[in-house]
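Notes follow once the structure below has been shown.
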Amino acid sequence: MAGRRKVLSPDHTRALIKEAIGIIEGDQAIQAEAAAEIAAIEAAHTSLTPKARSKRSTHR
């Protein structure tokens with residue numbers, strides 16, 4: 001992934017900060033809530049990202 005920068009959405013950034021605050025404060029409820037938000041955001045992103053095609057041709 002050389003040359004490509006990963007840019008986080010504002011929602012993803014907020015959820016990561018929320019998770020960090022939960023870790024720092026030792027609040028497992030906030031941590032779990034943030035982890036669920038992060039997982040949902042990443043799952044939505046993964047489902048929207050087109051799958052990479054194989055460079056090998058299947059035609060002869």
If you go through the stretch 8-36, how many residues are under 10 Å from the mean Cα position of the chain (by Cα), free of Cβ contacts under 8 Å to residues at least 12 places away in the same chain and outside any helix (DSSP H, G or I)?
1
Given the criteria at pLDDT below 95, open to solvent by less than 60 Å² (accessible area, probe 1.4 Å) and part of a helix (DSSP H, G or I), does ALA39 qualify?
yes
Against the definition (at pLDDT 95 or above and exposed (fewer than 11 other Cβ atoms within 10 Å of the Cβ)), how does GLU19 come out, yes or no?
no
THR46: modelled with pLDDT under 90 and part of a helix (DSSP H, G or I), yes or no?
yes
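The values are calculated or read from the model by the stated rules, or taken from the named source; none is laboratory data. On a predicted model such as this, the values are computed, not experimentally measured, just so you know. Quick reminder, even Gly has a Cβ in these numbers, built from the backbone with ideal geometry, and neighbours come from all protein chains shown. For accessibility, only protein heavy atoms count, side chains too; no ligands or nucleic acids. Shrake-Rupley method; radii C 1.70, N 1.55, O 1.52, S 1.80 Å.
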